[in-house]
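Since the structure comes first, as structure tokens, the remarks are kept for the end.
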Amino acid sequence: MKEKITMPMADFLNSLTDRTRKGIALHNEVVDSVIENTSILLCMAIARVIYLAFFIKLRVLSPINA
């Protein structure tokens with residue numbers, strides 16, 4: 001008798017736990033994607049700054065010093 005009463009509560013708690021785990025997994029994927037994209041953009045920005053520094057040194061500063 002007691003099992004019939006507590007079974008719906010256990011099912012509800014199990015489904016709530018499953019939905020929570022799925023939601024957390026989804027958000028973890030989103031966070032991982034954001035971190036990956038941010039890292040790629042940061043590397044591209046650093047590479048561009050390095051390129052521009054060499055460009056300025058070769059094309060602008062070299063003729064001035066010559």
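Read the figures in this text as sums done on the coordinates, not as results from a lab. Computed from a predicted structure; not experimentally measured. Virtual Cβ from ideal backbone geometry, glycine too; neighbours counted across all protein chains shown.
Results, tabulated for the structure shown:
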{"read-out": "Farthest positive-ward along the chain dipole, Cα basis, beta-carbon charges - from Ser62, Ile50, Met9", "value": "Ser62"}
{"read-out": "Equivalent ellipsoid, the chain (semi-axes from 5 times Cα gyration tensor eigenvalues, Å)", "value": "63, 5, 4"}
{"read-out": "Calculated [θ] (222 nm, deg cm²/dmol) that DSSP helices of n ≥ 4 give over the chain, each run adding -39,500 (n - 2.57)", "value": "-32000 deg cm²/dmol"}
{"read-out": "Nearest-20 debye value, the chain charge dipole, Cβ charges on Lys, Arg, Asp, Glu", "value": "260 debye"}
